[in-house]
1. Might you let me know whether segment 46-57 holds any residue that is in contact with a strand residue (DSSP E or B) (Cβ under 8 Å, 6 or more places away or on another chain), over 22 Å from Glu109 (Cα atoms) and of a type in the set (Val, Ile, Thr)?
2. Name the residue, out of Asp29, Asp41, Asp53, that is among the acidic types (Asp, Glu), in contact (Cβ under 8 Å) with a residue 40 or more places away in the chain and assigned by TED's automatic domain parsing to the domain that holds Glu114.
3. Just to verify a result, which residue in segment 30-53, among those that are loosely packed, with under 13 Cβ neighbours inside 10 Å and either of a type outside the set (S, T, N, Q) or more than 16 Å from Lys81 (Cα to Cα) (or both), is nearest to the chain's Cα centre (by Cα)?
4. Which pairs do you get when a residue that is more than 14 Å from Val55 (Cα to Cα), found in segment 104-119, comes within reach of a residue that is modelled with pLDDT of 90 or more and of a type in the set (Lys, Arg), reach meaning Cβ atoms under 6 angstrom, with the pair 6+ apart or on two chains?
5. Of (1) part of a helix (DSSP H, G or I); (2) in contact with a strand residue (DSSP E or B) (Cβ under 6 Å, 6 or more places away or on another chain), Val32 satisfies all except one. Which?
6. Looking only at helices (runs of 4 or more DSSP H) that fall completely inside segment 99-218, which ones have 1 or more residues that are at pLDDT 80 or above and exposed (fewer than 15 other Cβ atoms within 10 Å of the Cβ)?
Amino acid sequence: MKPEIQVAIVEDNTFLPKTIKERLSVFPDIEVVLHAANGSDLLEKIKSNNQIDVVLMDIEMPIMNGIQATELLKQKFPHIKVIMLTVFDNDENIFNSIKVGADGYLLKEVPPKELYDGIIDTLSGGAAMTPSIAAKTLKLLRNPNIINSQEQIEEIILSTREIEVLEQLSKGLNYKNIATNLFVSPHTIRKHIENIYNKLQVHNKIEAIEKAKHKNII
């Protein structure tokens with residue numbers, strides 16, 4: 001019997017969609033039928049398969065991020081449910097996801113059964129949310145001004161040296177070249193980049209550059 005629920009995964013990391021698909025494979029009523037590498041890729045692919053029931057959407061992606069994609073997807077296909085599935089649980093992402101019409105927000109570390117239940121709840125009209133996300137959502141609804149204050153904080157979190165490293169990264173230079181240009185060791189550059197990723201809450205170079213530009217850091 002054909003699975004009742006068709007799922008799309010939008011994720012730029014090539015390994016994670018396979019992992020998510022494996023987690024969901026134990027539930028016979030769900031089938032992952034589409035994978036897109038970013039929001040733009042999803043919007044193109046879904047033209048020929050708009051019978052998708054649920055999209056599991058990453059947030060930080062190159063070309064078009066998950067929040068932008070969700071907004072456009074909801075305008076064209078409002079019947080498709082969108083659950084943000086991400087490592088990012090900061091207030092700005094939660095607020096913006098809800099604002100553009102996301103139906104749920106789960107962290108990628110969620111166990112398979114909880115992910116399955118979240119999909120079922122969302123299709124039944126609920127809003128799938130990791131408990132910590134639900135608490136933050138309530139806080140944001142009570143005080144949306146939190147976002148503005150957080151954005152101001154994020155604009156000044158990087159040191160002068162970290163900004164210099166980011167600027168070099170954005171020019172396509174590798175660690176060794178950056179180290180030479182800044183008169184430090186490659187090990188020091190790796191440490192700076194590790195700190196940058198932690199502060200910006202990203203997990204690769206593309207996301208770091210994209211977010212830094214979005215925040216007018218570089």
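1. Yes - at least one qualifying residue is present in segment 46-57.
2. Asp53
3. Among them, the one singled out is Glu44.
4. Close Cβ pairs (under 6 Å, with a partner that is modelled with pLDDT of 90 or more and of a type in the set (Lys, Arg)) amount to Pro112/Arg23.
5. Every condition holds for Val32 apart from (1).
6. Hits in segment 99-218: 112-123, 160-170, 175-182, 186-200, 205-214.
The values are calculated or read from the model by the stated rules, or taken from the named source; none is laboratory data. Please read these numbers as outputs of a predicted model, since none were measured by experiment. Using ideal geometry, Cβ is built from the backbone for each residue, glycine included, and neighbour counts are taken over all protein chains shown.
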